[in-house]
1. In the list V85, V149, V94, which residue meets the criterion of being hydrophobic (A, V, I, L, M, F, W, C), modelled with pLDDT of 95 or more, closer than 15 Å to I63 by Cβ and not in a helix (DSSP H, G or I)?
2. Determine whether G145 is small (G, A, S) and touching an Asp or Glu at 6+ places or on another chain (Cβ under 6 Å).
3. Give me the pairs: first residue in the stretch 41-56 and in contact (Cβ under 8 Å) with a residue 60 or more places away in the chain and more than 9 Å from D79 (Cα to Cα), second residue surrounded by fewer than 17 Cβ atoms within 10 Å (Cβ to Cβ) and hydrophobic (A, V, I, L, M, F, W, C), beta-carbon distance under 9 Å, and six or more apart or on different chains, which are they?
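The values are calculated or read from the model by the stated rules, or taken from the named source; none is laboratory data. Model, not experiment: these values are computed from the prediction. For neighbour counting, all protein chains shown are included, and Cβ atoms are generated from backbone atoms with ideal geometry for every residue, glycine included.
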Amino acid sequence: MILDFPTIGEPHYAQAMPAELIKDKQVKIYKIDDNNHPYVTKGEKEARVIREGNKVHVYMTSIRSHFAPDNIEGVKMGDEVYFHVTNLEQDWDVPHGFAIKGAANSELLIMPGETSTLKWVPNRVGIVPIYCTDFCSALHQEMQGYVRVSPAGSTVPIKFSLGESAPVAAE
């Protein structure tokens, strides 16, 4: 046990140990091919948005300095949106965060090579920003995008893009 106190960072409860106990167990390269998460996206070309009834699955990647996709349309009020974010970084010290402005839940912290899922239920119609919450590089502020939420019953199709191109997703 390294810490048995309920707060993080209390220096009076710090413990020390020889580096030999952990140095051979650390991982510095995270192989994307070893990621067996059921919702992994192993490259930007696999990024997509799929509607299954009122569930929307966003298969997203994060890498310095963008998300793919970074613009999503066709989400409706009442949908359950699952952001499955895969961090494509291979360096051990480049985690990415993911959050939705105004969401009632917390953020994700996705370590290199890892996939994490955040469930979001939109609570208003409009344009909602998504963004990285963990400083990753000089272009960290570029890691953002938008989700357009339409009224329930809307016929706006699911579409997504990275930058300017906007291919239509399969329903």
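1. Exactly one of V85, V149, V94 is hydrophobic (A, V, I, L, M, F, W, C), modelled with pLDDT of 95 or more, closer than 15 Å to I63 by Cβ and not in a helix (DSSP H, G or I), namely V85.
2. yes
3. R48/A170; I50/A170; R51/A170
One line per residue, one yes/no per condition, for (1) surrounded by 13 or more Cβ atoms within 10 Å (Cβ to Cβ); (2) over 21 Å from I32 (Cα atoms):
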| residue | (1), (2) |
| --- | --- |
| I50 | yes, yes |
| H84 | yes, no |
| I110 | yes, no |
| I127 | no, yes |
